[in-house]
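Step one of this worksheet: look at the structure below.
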Amino acid sequence: MQLTVWTYEGPPHMGAIRIAASMQGVHCVLHAPQGDSYADLLFTMIARSAKRPPVTYTSFQARDMGADTAELVRKTLRETVERFQPRALLVGEACTGELLQDQPAALAQGMGFDCPVVPLELPAFTRKEHWGASETFHQLVRALLRGQQPRTLDPVAEGRRPRANLLGATALGFRCRDDIAEVTKLLDSAGVDVNLSAPAGASPEDLLRIPEADFNVCLYPEIAQSTCVWLERMFKQPWVKTVPIGVGATRDFLIEVGEVAGIETSAAIAAGRTRLPWFSRSVDSTYLTGKRVFIFGDASHVIAAARIATEELGFEVVGLGSYSREFARELRAAAERYGVEALISDDYLEVESAVLELAPELVLGTQMERHIAKRAGIPCAVISSPVHVQDFPARYAPQMGFEGANVIFDTWVHPLMMGLEEHLITMFREDEEFHDEAVASHLGSGKLTAASADTTPRPTSTAEPTRSADGIGADAAPVWEPEAERELKKIPFFVRGKARRNTERYAAERGVARITVETLYDAKAYFGR
């Protein structure tokens, strides 16, 4: 077992809770110890949900271990059904509950409830949250559609437009609410109606209508791919595999919709409005061309982000990875296209090491990479879950479709442009109009008076801890002269860390005890060859 500060995914029962919290009329009962209800905070405090998730815990305590915990399960199930009157009941175990082997799902199936009971097998010690959500949704759909037969649908003969199911959006997902709205508008422009969206916003009765659609759209493969594969096999429903994130992917999505639905979508593609292509070709974008970017997150968003970065913004992908082990093959194939090696890991320290080693100019990742980049002084934009409260905006901010491309451009480019502004201000800090003691330019020349001067004590040096790249301890590391520190600050902050490490390495290898301005430029010339 490894202790950690952060984790990209919770245990699989957290995925089950996400499915229940996404739907209407579904309740989840978990055999779990007292105090295991921390998940509520993720929905109410971070995702800002108006209600707590529909989950009930048996909440056994240490003193219950010597008694009949199975009876506690039965009691909790009876009380839950009586109180909440669910139209579908999910029953499973949390990590500790799994060790007791009480088999709560089997107990629930034998209690004669009127509503469908869906047993959940969630191996807590081998699987993670996204797998748990995928498996829960899959089992729920299978349980509700059991006994239904494939239908022969013909939109033309029936005098209607083609219908699609949007599958995969869940609570705690990244911008799912707005993505559903954007894809619905996108399909409408192509002449396709949305039959239903699930699990987000759906009820058990809605899931019974899944076979009424002509095809499925797999919006989030981590959640819905296994369900789409099963529906294709059992109900002959084709599914759209392209995730419409980015201008190119959105156009490909509409082309694939046309092929699957048997309709012409060229007019919808031509009518698509996005400013990303214009922005990326504008004069200001020359500052962006060739920027080195590191990408990490769930597989779907990472693969989409890598395509946008290279094909639509002219960035260079120097690192790419994901914590989604179930999609490692797809990640490695994408990494091969960009000439890098995929990092498949759920250890944030390993990700941090990769970021520091590659020294990119922009990081695209989760909330963990935001913290990593902040410590390294690198601009960062969040593109994937797990995220914090600021990434559940009240405003409309999709990632998918043409409007999503506009949002992505703003989100990615602003950190870079603000970084340039910060660098320019720092570079001209000693200028007569910009130094700390200068008055505002509209007030004339001169210095601040004693009364108005900022008397806040300032540290004599804001240098990062002197630590060489090859692991030399702080005591043995070369010492920076003040002039060299000032010269270092003139280097843009997003590559300053790499310049510092290279200089310290250069000095250490040559036995230089004190780094001067000359040492800084000698190292620059050496590593620039």
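The figures follow:
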read-out	value
Of the criteria (1) part of a loop (DSSP other than H, G, I, E, B); (2) modelled with pLDDT under 95; (3) among the hydroxyl-bearing types (S, T, Y), which one T242 fails	(2)
Wholly enclosed helices (runs of 4 or more DSSP H) of segment 125-233 bearing at least 3 residues touching a Pro at 6+ places or on another chain (Cβ under 7 Å)	129-145, 176-189
Lone unmet requirement of (1) assigned to a loop (DSSP other than H, G, I, E, B); (2) farther than 19 Å from T170 by Cα; (3) at pLDDT below 90 for A108	(1)
Close pairs (8 angstrom Cβ cut-off, 6 or more residues apart or separate chains): at pLDDT below 95 in segment 189-207, open to solvent by 20 Å² or more (accessible area, probe 1.4 Å) anywhere	G201/Q24; G201/I180
Only listed residue being closer than 30 Å to L349 by Cβ, modelled with pLDDT of 95 or more and not charged (D, E, K, R), chosen from A16, A94, A21, A47	A16
Count of segment 26-52 residues which are touching a residue at least 40 places away in the same chain (Cβ under 8 Å) and not in a helix (DSSP H, G or I)	12
Residues of segment 470-505 satisfying the condition of being at pLDDT 90 or above and either in contact with a Pro (Cβ under 9 Å, 6 or more places away or on another chain) or assigned to a loop (DSSP other than H, G, I, E, B) (or both)	E481, T503, E504
Top-ranked residue of segment 58-81 - restricted to ones that are open to solvent by less than 30 Å² (accessible area, probe 1.4 Å) and outside any helix (DSSP H, G or I), ranked as modelled with the highest pLDDT	T58
Residue match in segment 365-375 (condition: among the hydrophobic types (A, V, I, L, M, F, W, C) and open to solvent by 10 Å² or more (accessible area, probe 1.4 Å))	no
Single residue of segment 510-520 satisfying the filter (touching a residue at least 12 places away in the same chain (Cβ under 8 Å) and either part of a helix (DSSP H, G or I) or of a type in the set (S, T, Y) (or both)) that is surrounded by the most Cβ atoms within 10 Å (Cβ to Cβ)	L520
Extreme residue, surrounded by the fewest Cβ atoms within 10 Å (Cβ to Cβ), among residues of segment 295-317 that are of a type in the set (D, E, K, R), farther than 19 Å from K241 by Cα and out of contact with any Lys or Arg (no Cβ under 7 Å at 6 or more places or on another chain)	E311
Condition met for L167 (in contact with a strand residue (DSSP E or B) (Cβ under 9 Å, 6 or more places away or on another chain), open to solvent by less than 40 Å² (accessible area, probe 1.4 Å) and within 20 Å of G201 (Cβ to Cβ))	yes
Single match in L349, L364 (criterion: of a type in the set (A, V, I, L, M) and without any contact (Cβ under 8 Å) to a residue 60 or more places away in the chain)	L349
Residue match in segment 212-226 (condition: small (G, A, S), open to solvent by 20 Å² or more (accessible area, probe 1.4 Å) and under 28 Å from G15 (Cα atoms))	yes
Only listed residue being open to solvent by less than 30 Å² (accessible area, probe 1.4 Å), in a helix (DSSP H, G or I), closer than 14 Å to H301 by Cβ and without any contact (Cβ under 8 Å) to a residue 40 or more places away in the chain, chosen from L331, L320	L331
Hits in segment 393-418 (condition: part of a loop (DSSP other than H, G, I, E, B) and touching a Phe, Trp or Tyr at 6+ places or on another chain (Cβ under 9 Å))	Q399, M400
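The values are calculated or read from the model by the stated rules, or taken from the named source; none is laboratory data. A quick note: this is a predicted structure, and the numbers were derived from the prediction, not measured. Neighbour counts are summed over all protein chains in view; Cβ atoms, including those assigned to glycine, are modelled from backbone coordinates with ideal geometry. Ligands, DNA and RNA are stripped out before the accessible areas are found, and what is left, the full protein with its side chains, is counted by its heavy atoms. Shrake-Rupley method; radii C 1.70, N 1.55, O 1.52, S 1.80 Å.
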